[in-house]
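Take a look at the structure set out below.
The values are calculated or read from the model by the stated rules, or taken from the named source; none is laboratory data. Just so you know, these numbers come straight off a predicted model, no measurement behind them. Positions of Cβ are backbone-derived with ideal geometry, glycine not excepted, and every protein chain shown enters the neighbour counts. For accessibility, only protein heavy atoms count, side chains too; no ligands or nucleic acids. Shrake-Rupley method; radii C 1.70, N 1.55, O 1.52, S 1.80 Å.
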Amino acid sequence: MTDPVSTPTRFGVLGTGFWARTCHGAALAAHPDVELVGFHGRDAGRARAAAAEVGGRGFPDLDEFLDAVDAVTIALPPDVQAPLAARAARAGKHLLVEKPLALDLAAADDVVAAAREGGVASVTYLTYLFQPDITAWLERMRSLAAEHGPWEGGVFRWAGTIDAPGNPYAGSRWRRENLGAWDTGPHALSIAHELFGPVERLVAGRGVRDAVTVALEHAGGAGTSLSLTLTAPEGAGGSFATIWGPGGRHDLPRFSGTPQEGFRRAVDRLRTAAATGVADPLDVASARATVAVLAAVEEFLARPDRATAVRAQP
């Protein structure tokens, strides 16, 4: 992205499901500086219903939808999100995408290339990184690292309970068909990347159901571990992170804000990036880095010969 462009004001939502309506749409409808133009989805009736519930209009045709907006927010499965994001970017529409960006590196790379070709701004909405409680803690951790030395390690546990009664994602096909790491992993990696930097190498092991444990080697020498699942038993879900180093041991706080408040901040970040021509730190290239880690986890797990068996006591 080189030349600054005008600040986008007309936003449209690609997607018609729970998150599209209750987070993306609701946040855009309440935003004082942007217009929620409407929704587009493969089911025109659902697009109309989402618009009637939240605002704007339902668009049956994708090209008509893109012509009506300056920016798109995408709340779709990652394998659907990636090609639509690339198409929107090549049409000159700014992107506010969800995690994970894609389910394979080729698709993620195409979105990054399309954003570059279209000269558009992009932001990835990672819930934790748009909440002041979390960003203030991260800033304090950076200050401690600058004063005492870099963080040396961390443990991250992200456990969803998709089968709990009332979970709005219980019917999510892509979550059921892929490792839970693809859904929970981007949250854990969003914090790990902020404090420990890029991942250079990893090993991984399976647990019950979709559970995966991953050991990461970061550039600079730090090591972290991720425990990830989307199918924790009811009562066993939740997330936490602990980091340590010369600056002591510290626990990630819980945030007190709402996803909608965070999404509004993401909208503001996208508008700033578009207006200034300065790429946001959480652009689609950063989302591609997360896809690279999760794709490497899948690749490792698909090659059992890489694992070393522990010899039992005779």
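Computed on the range 92-225, with alpha-carbon pairs under 8 angstrom and 6+ residues apart, the relative contact order is 23 percent. Note: relative contact order over the chain, using C-alpha pairs below 8 Å and six or more positions apart, is 22 percent. Sorting the segments 75-81, 24-30, 132-138 by their mean number of nearby beta carbons within 10 angstrom, highest to lowest, gives 24-30, 75-81, 132-138. Taking the accessible area of the range 246-303, probe 1.4 Å, and keeping the other protein chains in place, the carbon and sulfur fraction comes to 52%. Each Lys and Arg Cβ is given +1 and each Asp and Glu Cβ -1; about its Cα centre, the chain then shows a dipole of about 520 debye. Among 179-185, 277-283, the peptide with the highest mean count of other Cβ atoms within 10 Å heads the list, and the full ranking is 179-185, 277-283. Average accessible surface for the chain: 45 Å² per residue, computed with a 1.4 Å probe over protein heavy atoms with every protein chain in place. Shown are Tyr125, Tyr169, whose ranking by accessible area with a 1.4 Å probe and every protein chain present, most to least, is Tyr169, Tyr125.
Peptide packing: for 62-73, 199-210, the average count of neighbouring Cβ atoms within 10 Å per residue gives the ranking 62-73, 199-210, highest mean first. With Cα atoms defining each centre, the range 154-232 and the range 8-60 are spaced 29 Å apart in the structure. Among beta bridges from DSSP that stay inside the chain, the antiparallel ones total about 50%.
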